[in-house]
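A quick write-up on the structure given underneath.
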């Protein structure tokens with residue numbers, strides 16, 4: 001029998017759109033990767049102690065800027081706060097007292113970051129507690145995102161080498177508590 | 001004890017009427033009071049609802065809460081997830097609404113205010129994220145998935161019909177032109193014979 005006479009040869013099946021299927025599978029795969037990466041990022045915890053503190057540049061309320069990297073060699077206390085946050089008020093006075101205590105040494109820096117706050121309210125808060133250390137808004141909530149903060153108040157203390165040495169997710173209850181967190185980092 | 005099932009006889013209609021009406025009034029009295037109370041409450045609610053509330057009154061800046069909320073409902077604050085800014089009860093959101101009011105009073109447009117909030121607090125404050133970068137997936141994936149689903153359904157329905165047609169082919173009596181395969185098959189059979 002002649003092979004040419006076979007039904008399959010006479011009536012070949014319609015060619016499947018293989019490229020369409022391939023594109024669909026690739027699209028699905030890419031989408032799954034994006035979802036997986038997003039899930040992994042969202043499940044990341046806060047910055048770990050001992051790891052390098054994420055660098056940031058803060059534009060302060062007086063329009064000056066300050067970069068964390070430029071403070072290397074100093075112990076840096078970074079405090080996230082908001083004017084509407086009652087627990088923040090609880091520690092505000094102690095933080096300012098601590099800043100005035102350490103400022104003359106020159107090897108300690110304090111930075112306040114107002115999180116999701118309005119500028120008039122932030123300035124009123126700074127005025128109310130007579131805060132003199134550098135403060136600025138977390139524009140675009142970019143700094144809080146790299147630090148993966150969970151709310152306010154949150155305080156991070158960075159050692160002279162630029163690594164995260166201490167973190168606190170609640171207000172300091174006393175000046176002694178702040179000193180207890182900073183002093184060990186100042187020892188030679 | 002014997003029970004009298006007979007209805008009371010009316011010897012003195014005048015007295016009977018007087019006594020029963022008195023009784024009826026006594027029975028109705030409490031429900032009438034209740035009815036009056038309900039009507040009073042209804043009228044109060046109507047009047048209270050019809051009077052312009054505080055929310056509708058313009059503030060000294062000339063900006064009403066409705067104007068503020070028209071923009072606020074398009075935003076979410078990062079503090080209270082999944083709560084639109086216009087109904088969020090926290091102090092942070094109240095401050096944000098106040099900021100919107102101040103900006104409106106200063107003559108800012110809706111777009112300017114939204115841009116300001118995005119600069120200050122990030123794109124996540126917007127209820128509808130802009131179709132940029134990964135955000136565009138939010139707008140692209142659903143229609144593409146729906147179209148793909150429709151296509152898959154169409155293919156499934158078509159393939160479901162095919163076996164039925166091949167299992168019991170109905171001869172087409174009107175077909176007069178034999179197809180090529182049949183012609184060649186007949187030719188082969190003729191050759192063999």
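Every read-out reported here was derived from the displayed coordinates using simple, explicitly stated rules and does not represent laboratory data. Since the structure is predicted, the reported quantities are computational estimates derived from the model, not experimental observations. Cβ placement follows ideal geometry from the backbone for every residue including glycine, while neighbour counts extend to all protein chains displayed.
How many angstrom separate the Cα center of region A:17-47 from the Cα center of region A:113-141?
39
For the residues A:68, A:58, what sequence is obtained by ranking on other C-beta atoms within 10 Å, fewest first? Don't skip to the answer; put the middle values down first.
On the way: A:68 19, A:58 23.
So the residues, fewest neighbours to most, are A:68, A:58.
How far apart, in nm, are two points set 7 Å out from the Cα along the Cα-to-Cβ line at residue A:67 and at residue B:148?
That separation, rounded to one decimal, is 4.4 nm.
Take residue A:59 and residue A:18, extend 7 Å from each Cα along the Cα→Cβ direction, and tell me the distance between the two endpoints in nm.
Rounded to a tenth, the inter-label distance reads 5.5 nm.
Kindly state, to the nearest 0.05, the FRET efficiency for residue A:40 paired with residue B:187, given R0 = 56 Å and r defined as their beta-carbon distance.
0.25
By how many degrees, between 0 and 90 and to the nearest 10, does the Cα long axis of helix A:119-128 differ from the longest principal axis of chain A?
Taking Cα atoms only, the helix is inclined about 30 degrees.
Taking R0 as 22 Å, what FRET efficiency do you get between residue A:148 and residue B:91 from their Cβ-Cβ distance, rounded to the nearest 0.05?
Values: r = 24 Å, r/R0 = 1.10.
The formula returns an efficiency of 0.35 here.
Using Cβ counts within 10 Å as a stand-in for footprinting exposure, how do A:123, B:157, A:164, A:28 rank, fewest first? Don't jump to the answer; show the numbers that get you there.
Numbers: A:123 15, B:157 9, A:164 20, A:28 12.
Result, fewest neighbours first: B:157, A:28, A:123, A:164.
How would you rank B:101, B:184, A:21, going from fewest to most other Cβ atoms within 10 Å of each one's own Cβ? Please report the intermediate quantities before stating the final value.
Details: B:101 20, B:184 16, A:21 10.
Ranking B:101, B:184, A:21 by Cβ neighbours within 10 Å, fewest first, gives A:21, B:184, B:101.
Working from Cα positions, state the angle (0 to 90°, nearest 10) between the long axis of helix A:18-43 and the longest principal axis of chain A.
So the inclination is approximately 20 degrees.
Once you keep just the Cα pairs under 8 angstrom separated by 6 or more residues, what percentage relative contact order results for chain A? Could you put the intermediate results ahead of the total?
Details: 253 pairs, mean separation 50.3, N = 188.
It comes to 27 percent, rounded to a whole number.
For chain A, what is the Kirkwood hydrodynamic radius in Å, using each pair of distinct C-alpha atoms?
Values: mean 1/r = 0.0510 Å⁻¹.
For chain A, inverting the mean 1/r across all distinct Cα pairs yields 19.6 Å.
Using the alpha carbons of region B:58-133, what is the convex hull volume per residue in cubic angstrom, as a whole number?
Details: hull volume 6.5 nm³, N = 76.
Dividing the Cα hull volume of region B:58-133 by its residues yields 86 Å³.
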